[in-house]
Amino acid sequence: MHRVNEERTRKEMINPQLETAGWFLRDHSKVKIEIPVDGYDAEPWNGVSDYCLYRENGEVLAAVEAKKTAVDVRLAEAQLTHYVTEIVDWSKHYG
(Lines give C-alpha, C1' and ligand atoms only; values in the text may rest on other atoms or scores of the structure.)
Protein backbone atom coordinates (compact mmCIF):
# COMPACT_ATOMS: atom_id res chain seq x y z
CA MET A 1 0.00 0.00 0.00
CA HIS A 2 1.28 3.46 -0.94
CA ARG A 3 1.59 5.66 2.15
CA VAL A 4 0.73 9.34 1.93
CA ASN A 5 1.80 11.91 4.53
CA GLU A 6 -0.67 14.32 6.15
CA GLU A 7 0.29 17.27 3.95
CA ARG A 8 -0.38 15.29 0.77
CA THR A 9 -3.58 13.89 2.27
CA ARG A 10 -4.80 17.48 2.68
CA LYS A 11 -3.60 18.72 -0.70
CA GLU A 12 -4.65 15.74 -2.82
CA MET A 13 -7.66 14.30 -0.99
CA ILE A 14 -9.33 16.70 1.44
CA ASN A 15 -8.86 20.14 -0.18
CA PRO A 16 -10.36 19.11 -3.54
CA GLN A 17 -13.36 17.49 -1.84
CA LEU A 18 -14.01 20.56 0.30
CA GLU A 19 -13.74 22.84 -2.75
CA THR A 20 -16.09 20.59 -4.75
CA ALA A 21 -18.59 20.76 -1.88
CA GLY A 22 -18.50 24.58 -2.00
CA TRP A 23 -16.06 25.26 0.85
CA PHE A 24 -13.60 27.77 -0.62
CA LEU A 25 -10.38 27.41 1.34
CA ARG A 26 -9.41 31.05 0.85
CA ASP A 27 -12.64 32.23 2.53
CA HIS A 28 -11.33 32.37 6.08
CA SER A 29 -14.70 33.43 7.43
CA LYS A 30 -15.99 29.96 6.50
CA VAL A 31 -12.90 27.70 6.48
CA LYS A 32 -10.00 27.89 8.90
CA ILE A 33 -7.02 25.56 8.95
CA GLU A 34 -5.01 24.37 11.98
CA ILE A 35 -7.24 25.93 14.60
CA PRO A 36 -6.35 25.43 18.29
CA VAL A 37 -9.23 23.80 20.12
CA ASP A 38 -10.05 26.04 23.11
CA GLY A 39 -10.21 24.24 26.41
CA TYR A 40 -8.59 21.08 25.07
CA ASP A 41 -6.60 18.72 27.24
CA ALA A 42 -3.16 18.45 25.59
CA GLU A 43 -3.07 14.70 26.12
CA PRO A 44 -3.24 12.56 24.12
CA TRP A 45 -3.41 14.94 21.11
CA ASN A 46 -1.94 18.33 20.28
CA GLY A 47 -5.26 20.20 20.38
CA VAL A 48 -5.20 21.55 16.84
CA SER A 49 -8.09 20.77 14.50
CA ASP A 50 -6.92 20.52 10.88
CA TYR A 51 -10.00 22.24 9.44
CA CYS A 52 -13.00 24.01 10.98
CA LEU A 53 -15.98 24.86 8.81
CA TYR A 54 -18.17 27.76 9.93
CA ARG A 55 -21.76 28.90 9.38
CA GLU A 56 -22.49 32.48 8.29
CA ASN A 57 -22.95 33.49 11.95
CA GLY A 58 -19.49 32.18 12.93
CA GLU A 59 -20.77 29.02 14.61
CA VAL A 60 -18.62 25.93 14.04
CA LEU A 61 -20.48 23.59 11.70
CA ALA A 62 -17.87 20.85 11.32
CA ALA A 63 -14.31 19.85 12.07
CA VAL A 64 -12.17 17.81 9.69
CA GLU A 65 -9.12 15.88 10.82
CA ALA A 66 -6.41 14.95 8.29
CA LYS A 67 -4.05 12.02 8.81
CA LYS A 68 -1.34 10.32 6.86
CA THR A 69 -2.62 7.09 5.35
CA ALA A 70 -0.50 4.96 7.70
CA VAL A 71 -2.58 6.11 10.72
CA ASP A 72 -5.44 3.87 11.87
CA VAL A 73 -8.69 5.64 11.04
CA ARG A 74 -10.07 4.74 14.49
CA LEU A 75 -7.38 6.89 16.11
CA ALA A 76 -8.30 9.84 13.90
CA GLU A 77 -11.98 9.30 14.70
CA ALA A 78 -11.27 9.30 18.45
CA GLN A 79 -9.20 12.48 18.12
CA LEU A 80 -11.90 14.23 16.11
CA THR A 81 -14.61 13.15 18.56
CA HIS A 82 -12.51 14.61 21.39
CA TYR A 83 -12.06 17.92 19.54
CA VAL A 84 -15.75 18.20 18.66
CA THR A 85 -16.70 17.56 22.28
CA GLU A 86 -14.30 20.31 23.39
CA ILE A 87 -15.70 22.72 20.78
CA VAL A 88 -19.30 22.02 21.84
CA ASP A 89 -18.47 22.31 25.55
CA TRP A 90 -16.58 25.55 24.97
CA SER A 91 -19.38 27.08 22.89
CA LYS A 92 -21.97 26.22 25.59
CA HIS A 93 -19.97 28.18 28.14
CA TYR A 94 -18.49 30.98 26.05
CA GLY A 95 -20.22 31.01 22.65
Long-range neighbours under 6 Å by Cβ, at least six apart or interchain, first residue free of Cβ contacts under 8 Å to residues at least 24 places away in the same chain within the range 52-71, second basic (Lys, Arg) and loosely packed, with under 13 Cβ neighbours inside 10 Å: 61/55
Residue tally, condition modelled with pLDDT of 85 or more and part of a strand (DSSP E or B), over the range 26-51: 4
Checking residue 81 against (1) over 15 Å from residue 6 (Cβ atoms); (2) modelled with pLDDT under 75; (3) not in a loop (DSSP other than H, G, I, E, B), the condition it does not meet: (2)
Enumeration of residues in the range 2-15 that are of a type outside the set (Asp, Glu) and within 15 Å of the chain's Cα centre (by Cα): 9, 10, 11, 13, 14, 15
Output for the range 1-22, where each listed residue is of a type in the set (D, E, K, R) and in contact with a Lys or Arg (Cβ under 9 Å, 6 or more places away or on another chain): 3, 6, 7, 8
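The values are calculated or read from the model by the stated rules, or taken from the named source; none is laboratory data. It should be emphasised that the depicted structure is a prediction, and the values quoted were computed from it without experimental measurement. Methodologically, a virtual Cβ is constructed for each residue, glycine included, from the backbone with ideal geometry; neighbour enumeration extends over all protein chains shown.
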